[in-house]
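The values are calculated or read from the model by the stated rules, or taken from the named source; none is laboratory data. What you see is a predicted model; the values in this text were computed from it and never measured. We place every Cβ from the backbone using ideal geometry, glycine too, and count neighbours over all the protein chains shown.
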Amino acid sequence: MSDLFFLALIAWLFLCGPYGWKGLLTDADAGWHIRTGEWILDHHAIPRTDLYSFSKPGAPWYAWEWLADVIDGALFRAGGLKAVVLTAGIMIVLFATILLRRMVWRGAHLFVALVVALLGVGSSSIHYLARPHVFTMLLLSIAMWMIEADLRKPTQRIWLLVPMTILWTNLHGGFFALFAVLGIAAVGSLSIRYGLLTAACAAASIVNPYGIHLHQHAIEYLRSDWIKSVVQEFQSPSFRNENMMQFEALLIAGLIAVGFLIRRRRIVEALWILFFAQQALSSQRHVPIFVIVAAPIIAEEVSNWWRDWTSRAGKNSPIGIINQMSADFLPGFRRTTFWPALAVLALALIGKPIAWPTDFPEEMFPTGLIHTHEAEIFAARTLTTDQWADYLIYLNPGYKVFVDGRSDFYGPEIGNEFLHVTSGQPEWQDVMRKYGFSLVLLPRETALVQLLKTQPDWRVADEDGKHILLARKGPPVPPTGFLTTEPRF
């Protein structure tokens, strides 16, 4: 039954979904992650200065997900975008399967566990992307199961979290979530052992190419008010779409469960729910973290409520039959066989009729315009969105862009220049002259597009109904006021 759940999720999320496997590429950050991984493979070194911009040439840069980049680069060289999305998709499905298995392991009623697990899968779907954070989703799921098991019966296996932290630190910055989980466990249980474990994992996380400077950079990034105000995934969730409504249901159930947990003196679990609920309400990128930590606890508590409510139901009543079915099927959710591995191997070998992506989705990116005018774009200073710049880096990693998806690298200085020029703020012409843009590739409704259409020295080079490419007439205007490097081909 556990295997069937795994296979059903693959079919539901990626084989039958509206976007299929290419839905994992709706964020073009995957593009520069792939190219950074290839750079590391080619140079046998970790980049410490910028590779991709003309706005901050040679500036210090933390490639803090370098190991995930290497994996993506190697996968891309071995199997193209298919290998990248297949690996990311399997990690997402493993995270969801482990989530359900943890609920069953905690003694949850099967049908309660299925409902809560599917709510968790739906809530987390905002981050189903081929980006390094899928490693955090999987590793935190494994770590939580280890910690929950250790809280029940302490063993030496819990210290495996220390070497896991080293791996995790070099894959994705989400390793900070482990420190929060362990720190809360230490405080909530007044455990010196968990305090030492937290300290050991924190010390292990220094084993990375940047040492303690990585932590300083990450903390500054996470605390930045500018990042929180302009990067959507760092903003509070909006409860207007289906996945956030599913999160809302879990959140309400979790907060109710806190009272029952405190009454039974299960302080650690109550604190976990409260802390990660606050984190998820502050930033929607933490919703999957809340699901991983809290959903199994919620499923157990709801199961307890259900059993109390149905305790007097007869065996032959509808409720009694449902309870018996749960008991009969539960053993099947505690086992795993070779079938999931065989299914993954089959997917890796199958080409058509599966619609594997060969490019980033045209629904999200102006792929047609870019490919049509590729020579012009890569020979010019092009002003485009951060996501579309990620795609340009993917197509030509030697091309230099104004901004891309690395918001922690560009910061408010360059970031605000981008926002001001594209929104047509009074200083837009100063920014255009400063950087010497000769091409503009933006959505048609952008304010800057409407302004440039009125300028005699700009013309519409091409458009496709949603996107527009504008070109400066005459020779390119040289940039003013700063040193830079020219595009590399």
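Of the residues TYR399, TYR435, the single one that is within 26 Å of the chain's Cα centre (by Cα) and closer than 30 Å to ALA30 by Cα is TYR399. Looking at LEU119, LEU161, just one residue is under 30 Å from GLN232 (Cα atoms) and touching a helix residue (DSSP H, G or I) at 6+ places or on another chain (Cβ under 9 Å), and that residue is LEU119. Sub-6 Å Cβ pairs linking a first residue in the range 172-200 that is touching a residue at least 40 places away in the same chain (Cβ under 8 Å) to a second residue that is not in a helix (DSSP H, G or I), at least 6 apart or interchain, are HIS172/GLU65; HIS172/PRO132; GLY173/TRP64, ordered by first then second residue. Residues of the range 345-384 that are within 17 Å of GLY465 (Cα to Cα), among the polar types (S, T, N, Q) and in contact with a strand residue (DSSP E or B) (Cβ under 9 Å, 6 or more places away or on another chain): THR372, THR384.
Exactly one residue out of VAL440, VAL460 is among the aliphatic types (A, V, I, L, M), out of contact with any His (no Cβ under 9 Å at 6 or more places or on another chain), touching a residue at least 40 places away in the same chain (Cβ under 8 Å) and outside any helix (DSSP H, G or I): that is VAL440. Checked against the criterion of being modelled with pLDDT of 95 or more, over 19 Å from the mean Cα position of the chain (by Cα) and surrounded by fewer than 18 Cβ atoms within 10 Å (Cβ to Cβ), the range 164-178 contains one or more residues that satisfy it.
Scanning the range 387-414 for residues that are farther than 23 Å from PRO366 by Cα, of a type outside the set (D, E, K, R) and surrounded by 16 or more Cβ atoms within 10 Å (Cβ to Cβ) yields PHE409, TYR410, GLY411, ILE414.
Among residues of the range 415-431 that are loosely packed, with under 15 Cβ neighbours inside 10 Å, none has a beta-carbon under 8 Å from a residue that is among the acidic types (Asp, Glu) and modelled with pLDDT under 95 at least six positions away or on a different chain.
Against the numbered list (1) of a type in the set (A, V, I, L, M); (2) surrounded by fewer than 21 Cβ atoms within 10 Å (Cβ to Cβ); (3) at pLDDT below 95, ALA63 comes up short only at (2).
Here ILE256, ILE227 are screened, and the one residue that is in the same structural domain as PHE176 (by TED's automatic domain parsing), aliphatic (A, V, I, L, M) and either outside any helix (DSSP H, G or I) or more than 25 Å from ASP408 (Cβ to Cβ) (or both) is ILE256. Please go through the range 328-359 and pick out each residue that is over 30 Å from LEU395 (Cβ atoms) and free of Cβ contacts under 8 Å to residues at least 40 places away in the same chain. Correct list: ASP328, PRO331, PHE338, ALA341, LEU342, LEU345, ALA346. When LEU250, LEU182 are checked against the criterion of being under 19 Å from VAL116 (Cβ atoms), touching a helix residue (DSSP H, G or I) at 6+ places or on another chain (Cβ under 8 Å) and not β-branched (Val, Ile, Thr), LEU250 stands alone in meeting it. Sub-7 Å Cβ pairs linking a first residue in the range 276-303 that is outside the structural domain of LEU138 (by TED's automatic domain parsing) to a second residue that is charged (D, E, K, R) and crowded, with 24+ Cβ neighbours inside 10 Å, at least 6 apart or interchain, number zero.
The residue of the range 41-55 that is nearest to LEU75 (Cα to Cα), among those that are surrounded by 13 or more Cβ atoms within 10 Å (Cβ to Cβ) and in contact with a Gly (Cβ under 7 Å, 6 or more places away or on another chain), is LEU41. Please count how many residues of the range 211-221 are free of Cβ contacts under 8 Å to residues at least 12 places away in the same chain and either assigned to a helix (DSSP H, G or I) or surrounded by 15 or more Cβ atoms within 10 Å (Cβ to Cβ) (or both). Of the residues in that region, 5 qualify.
Filtering ASN208, ASN243 for residues that are assigned to a helix (DSSP H, G or I), of a type in the set (S, T, N, Q) and in the same structural domain as SER123 (by TED's automatic domain parsing) leaves a single hit, ASN243.
Of all residues in the range 24-48, those satisfying the criterion of being closer than 24 Å to GLU362 by Cβ, aliphatic (A, V, I, L, M) and part of a helix (DSSP H, G or I) are LEU24, LEU25, ALA30, ILE34.
Residues of the range 262-282 that are part of a helix (DSSP H, G or I) and either more than 23 Å from SER123 (Cα to Cα) or of a type in the set (Phe, Trp, Tyr) (or both): ILE262, ARG263, ILE267, VAL268, TRP272, PHE275, PHE276.
Residue count for the range 402-415, restricted to those that are in a helix (DSSP H, G or I) and either among the aliphatic types (A, V, I, L, M) or over 24 Å from the mean Cα position of the chain (by Cα) (or both): 2.
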